[in-house]
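The values are calculated or read from the model by the stated rules, or taken from the named source; none is laboratory data. Fair warning: this is a prediction, and the values are worked out from it, not measured in the lab. Reconstructed Cβ throughout: ideal geometry from the backbone, glycine too, with neighbour counts over all protein chains shown. Ligands, DNA and RNA are stripped out before the accessible areas are found, and what is left, the full protein with its side chains, is counted by its heavy atoms. Shrake-Rupley method; radii C 1.70, N 1.55, O 1.52, S 1.80 Å.
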Amino acid sequence: MVGREKELKIRFVPGRCELVQEDVRVPSRRVLITGATGLLGRAVFKEFNENNWNAVGCGYRRAQPRFEQVNLLDSAAVHGIIHDFQPHVIVHCAAERRPDVVESQPDAASQLNVAASGNLAKEAAGVGAFLIYISTDYVFDGTSPPYKETDIPNPLNLYGKTKLEGEKAVLENNEGAAVLRIPVLYGEVERLEESTVTVMFDKVQFSNKSANMDHWQQRFPTNVKDVAAVCRQLAEKRMLDPSVKGTFHWSGNEQMTKYEMACAIADAFNLPSSHLRPITDCPVVGALRPRNAQLDCSKLEMLGIGQRTPFRAGIKESLWPFLVDKRWRQTVFH
């Protein structure tokens, strides 16, 4: 499953350096990841790259030098990278995923979540690539969980509506594509604000100030490493079986409100949680959220696909670099 390419490398020898060509083993299975600079995209890129795939990631503002810089709204640029690289699989992680931002910038969000996704699906079909479109549990209204792939969506906010429209655009332009709906994500963040789960860490750590935490919406926090593993397993299953397509669900299986997540984070780091105050009322500001949009994941499980990291283990690994009180490092980890 590997080929060889020539790669230029600099070799240092006493008194000089020289440019040499070396053979490099290159896996023959090719995958293109959009949104590779984001929380999920980084994990997906790493998962494929470490499992014998030739992975190329693309991004926009933060792309270079690690990833290819591609504006997904530029159809010529999208056509160019896909036809140059000829991927077997494309994992489409790029999206405007912040519900409140989508409400305030609907046109821009629709361009990325819907129009760009439809175009990407069309280009993927043109080279015979298997496209995995990352969607969301917010396509459901949260009144009748758990939700199967066959249940009728009814998004409450514009974010959910654009992602649902994106699903339709993808499947209309590429009948062999897959839609993977997932819930709230966390993982190895570059900054706490990258995830609505990890952003709570500062409120947990600064126990000298009380903090209100939502205790109304039921969530299923999911580690991006697990979603990345599911994407790779789905891609590899598809390469053996062309009937693997359509809509799928994946999610962590621990039901928690933000308040319960915050308490679990405190417990994981042996920090106090008495300053955290549960708020049981439905939020009245920002975009509407579903009360409980739990996803039924049995379809993927029946295919033998799946991976789940226990929340306390995953969150400890993710938040360890952001621990403010260095003394806890000695008591918790040594």
| request: Scan the range 229-244 and give yes if some residue there is among the polar types (S, T, N, Q) and free of Cβ contacts under 8 Å to residues at least 12 places away in the same chain, otherwise no. | output: yes
| Residues that are touching a residue at least 12 places away in the same chain (Cβ under 8 Å) and farther than 15 Å from Leu131 by Cβ, drawn from the range 42-55 | Arg42, Ala43, Phe45, Lys46, Glu47, Asn51, Asn52, Trp53, Asn54, Ala55
| said: For Tyr133, only one of the following conditions fails: (1) in contact with a strand residue (DSSP E or B) (Cβ under 9 Å, 6 or more places away or on another chain); (2) outside any loop (DSSP other than H, G, I, E, B); (3) over 15 Å from Phe248 (Cβ atoms). What is its number? | reply: (3)
| said: If the requirement is being part of a helix (DSSP H, G or I), surrounded by fewer than 23 Cβ atoms within 10 Å (Cβ to Cβ) and touching a residue at least 24 places away in the same chain (Cβ under 8 Å), which of these qualifies: Gly166, Gly160, Gly126, Gly176? | reply: Gly126
| Hey, Glu236 hits all of (1) farther than 30 Å from Val127 by Cβ; (2) charged (D, E, K, R); (3) at pLDDT 95 or above but one; which does it fall short on? | (1)
| message | For the range 286-309, which positions are open to solvent by 80 Å² or more (accessible area, probe 1.4 Å), at pLDDT 95 or above and in a loop (DSSP other than H, G, I, E, B)? | response | Arg291, Arg308
| query | Within the bounds of the range 28-49, is there any residue that is over 22 Å from Leu164 (Cβ atoms), modelled with pLDDT of 90 or more, in a helix (DSSP H, G or I) and basic (Lys, Arg)? | reply | yes
| task | Answer yes if at least one residue in the range 262-285 is open to solvent by less than 60 Å² (accessible area, probe 1.4 Å), under 19 Å from the mean Cα position of the chain (by Cα) and touching a residue at least 24 places away in the same chain (Cβ under 8 Å), and no otherwise. | result | no
| said: Going residue by residue through the range 100-112, is there one that turns out to be open to solvent by 30 Å² or more (accessible area, probe 1.4 Å), within 26 Å of Thr196 (Cα to Cα), polar (S, T, N, Q) and in contact (Cβ under 8 Å) with a residue 40 or more places away in the chain? | reply: yes
| query | Can we say Ile134 is in contact with a Cys (Cβ under 9 Å, 6 or more places away or on another chain) and not hydroxyl-bearing (Ser, Thr, Tyr)? | reply | yes
| field | Some residue of the range 206-225 being in contact with a helix residue (DSSP H, G or I) (Cβ under 7 Å, 6 or more places away or on another chain), crowded, with 19+ Cβ neighbours inside 10 Å, modelled with pLDDT of 95 or more and assigned to a helix (DSSP H, G or I) | value | yes
| From the list Glu236, Glu317, which one is closer than 30 Å to Phe206 by Cβ, open to solvent by 10 Å² or more (accessible area, probe 1.4 Å) and among the acidic types (Asp, Glu)? | Glu317
| request: Could you list, in sequence order, all residues of the range 69-93 that are within 13 Å of Val31 (Cα to Cα) and either surrounded by 15 or more Cβ atoms within 10 Å (Cβ to Cβ) or of a type outside the set (S, T, N, Q) (or both)? | output: Ile81, Ile82, His83, Asp84, Phe85, Pro87, His88, Val89, Ile90, Val91, His92, Cys93
| field | Index of the failed condition, Pro145 passing every other in (1) open to solvent by 40 Å² or more (accessible area, probe 1.4 Å); (2) touching a residue at least 24 places away in the same chain (Cβ under 8 Å); (3) farther than 30 Å from Cys282 by Cα | value | (3)
| message | Taking the criterion of being basic (Lys, Arg), assigned to a loop (DSSP other than H, G, I, E, B) and open to solvent by 10 Å² or more (accessible area, probe 1.4 Å), would at least one residue in the range 184-200 satisfy it? | response | yes
| the range 245-261 - residue that is closer than 20 Å to His92 by Cα and open to solvent by 10 Å² or more (accessible area, probe 1.4 Å) and, of those, nearest to the chain's Cα centre (by Cα) | Thr247
